[in-house]
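Q: First the structure, which I've put down as structure tokens, then a few questions once you've had a look.
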Amino acid sequence: MWEICVCLEAKHFKAANFLFNYLKKQVNEFGVYVKKFEENHQIKILLACEEYDKNRAGVFLSNAIIETICIYFKEEFLTRTLNLPIKEGLYYEALKKALISFDKETDAFLISKQLIIEDNKDISLESFYYFKLKSIREKWEELASIANDNGCFLICNDNFIDLLKFLIDNLEISHDTLNVYLEGEKFEIFDELDKSIEICDEENLVTSLIGLCPRQIVFYGERCDNEKLSLLMKIFDNRVKFKNVEKL
């Protein structure tokens, strides 16, 4: 039996939950065992499989670690280093999400070059992040500095929107078309294959769609003219469509 354990400090429970759920979804059909537990003020995620399947399990684990660092560790870094005149609210959260997604493919490549999965050797995610990924933190620092240096211009909503639009236009497209349906007070997002990929409330709709970065967004149902949909239409421009039909 081949096994490996990823350890995170308890304060990173959101990242640990994401890593665990990502792995569980990926390996479920391959007979790979995944378990999450707490021990000595740490959250541990154990991955185990038969020896012949360790290479595939290692690829799944590498992808999960890369995604966790690109999303959760980068968000934590930007939250700490961004120093803008607006520090909360819809526009701030949208900008932070766009910065997290910006140049993600390069972030993933840099992490993958440093990440080595060794047989039966536990991985401390914080140690890997702080000791092996100095170059990526310097890259994120430069990104935050550009935003901070132009912070005085972002007091105006129009400037904020222009920056958001620029960032989104330069994100790597992850989905061709996303279909969004209003289900009660929740929005359910389907991909082009009609697979449900996310359910979110109105508060998180903008940041969810920025993170998913589609080529086109189609809303089904009654059109709601509120601040969040208005912002989506401005930053995604003509990529947002509305169809007044009910979901069957």
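Q: For ASP103, list long-range residues whose amide hydrogen, built 1.01 Å from N in the peptide plane, is under 5 Å from its own amide hydrogen.
A: GLU172
Q: Let me ask something else about it. Taking 29 Å as the cut-off for C-alpha to C-alpha distance, list the pairs among LYS87/LYS139; LYS54/LYS139; LYS36/LYS139; LYS11/LYS96; LYS44/LYS228 that go past it. Before the final figure, lay out the partial values.
A: Details: LYS87/LYS139 22 Å; LYS54/LYS139 32 Å; LYS36/LYS139 32 Å; LYS11/LYS96 21 Å; LYS44/LYS228 37 Å.
Going by Cα-Cα distance, LYS54/LYS139; LYS36/LYS139; LYS44/LYS228 fall outside the 29 Å limit.
Q: Can you tell me the relative contact order of the chain? Whole percent, Cα pairs under 8 Å, sequence separation 6 or more. Before the final figure, lay out each step's value.
A: On the way: 336 pairs, mean separation 42.8, N = 248.
With pairs under 8 Å counted, the relative contact order is 17 percent.
Q: How high is the relative contact order of the range 1-134, given as a whole-number percent (alpha carbon pairs under 8 Å, six or more residues apart)? Write out the running numbers ahead of the final one.
A: Numbers: 139 pairs, mean separation 45.6, N = 134.
Relative contact order comes out at 34 percent.
Q: Taking the alpha carbon gyration tensor of the range 36-160, what are the square roots of 5 times its eigenvalues, largest first, to the nearest whole Å?
A: Values: eigenvalues 236, 43, 32 Å².
Semi-axis lengths for the range 36-160 are 34, 15, 13 Å.
Q: Still on this structure: Give me a comma-separated list of calculated 3J(HN,Hα) values for the range 72-87, in order, Karplus coefficients 6.51, -1.76, 1.60 applied at θ = phi - 60°, integers in Hz, x for any Gly or Pro.
A: Per-residue couplings from phi come out as 7, 5, 5, 4, 4, 4, 5, 4, 7, 9, 5, 10, 10, x, 10, 10 Hz.
Q: Let me ask you something else. So what's the angle, to the nearest 10 degrees on a 0 to 90 scale, between helix 90-101 and the longest Cα principal axis of the chain?
A: Tilt relative to the chain: about 40 degrees.
Q: Further question on the same structure: Which whole-Hz couplings ³J(HN,Hα) result when phi for each residue of the range 124-136 is put into the Karplus expression 6.51 cos²θ - 1.76 cosθ + 1.60, θ = phi - 60°, listed in order with x for Gly and Pro?
A: Once rounded to whole Hz, the list reads 8, 5, 5, 4, 4, 5, 7, 9, 10, 10, 4, 5, 6.
Q: Next question, about the same structure. Convex hull over the alpha-carbon atoms of the range 1-73: what's its volume per residue in Å³?
A: Numbers: hull volume 5.0 nm³, N = 73.
Convex hull of Cα atoms, per residue: 68 Å³.
Q: Take the Cα atoms of the chain, find their three principal axes, and give me the spread along each one in whole Å, biggest first.
A: That works out to 56, 49, 29 Å along the principal axes.
Q: Also, I was wondering about something else. Return the FRET efficiency for the residue pair LYS14, SER174: r is the Cβ-Cβ distance, R0 is 30 Å, and the value is rounded to the nearest 0.05.
A: On the way: r = 21 Å, r/R0 = 0.70.
My answer for the efficiency is 0.90.
Q: Taking a probe of 1.4 angstrom, what is the accessible area of PHE13 in Å², to the nearest 10?
A: Rounded to the nearest 10, the figure is 110 Å².
Q: Using alpha carbons only, how many degrees (0 to 90, rounded to 10) separate the axis of helix 54-68 from the longest principal axis of the chain?
A: Approximately 40 degrees, to the nearest ten.
Q: With a/c under 1.5 counting as rounded, go ahead and sort the range 102-248 into rounded, prolate or oblate using the C-alpha gyration tensor (a ≥ b ≥ c being the square roots of the eigenvalues; past the cut-off, prolate if a/b is larger than b/c, else oblate).
A: On the way: a/c = 2.64, a/b = 1.46, b/c = 1.81.
In terms of gyration-tensor shape, oblate.
Q: Per residue of the range 147-162, what does 6.51 cos²θ - 1.76 cosθ + 1.60 with θ = phi - 60° give for ³J(HN,Hα)? Whole Hz please, x for Gly and Pro, Karplus curve as stated.
A: Calculated HN-Hα couplings, in order: 5, 5, 5, 9, x, 5, 7, 8, 5, 7, 4, 4, 5, 4, 5, 4 Hz.
Q: How high is the relative contact order of the range 93-227, given as a whole-number percent (alpha carbon pairs under 8 Å, six or more residues apart)?
A: Values: 123 pairs, mean separation 37.9, N = 135.
About 28 percent, as a whole number.
Q: Here is a further query. By how many degrees, 0 to 90 and rounded to 10, does the Cα axis of helix 13-27 deviate from the longest principal axis of the chain?
A: 80
Q: Just want the answer: with Cβ charges of +1 for Lys and Arg and -1 for Asp and Glu, which residue in MET1, HIS12, LEU78 is farthest toward the dipole's positive end in the range 1-94?
A: Of the candidates, LEU78 comes out farthest on the positive side.
The values are calculated or read from the model by the stated rules, or taken from the named source; none is laboratory data. Since the model is a prediction, treat every value here as computed from it, not as a measurement. In this analysis, Cβ positions are derived from the backbone assuming ideal geometry, glycine residues included, and neighbour counts consider all displayed protein chains. Just the protein is used for accessible areas: all its heavy atoms, side chains included, with ligands, DNA and RNA removed. Shrake-Rupley method; radii C 1.70, N 1.55, O 1.52, S 1.80 Å.
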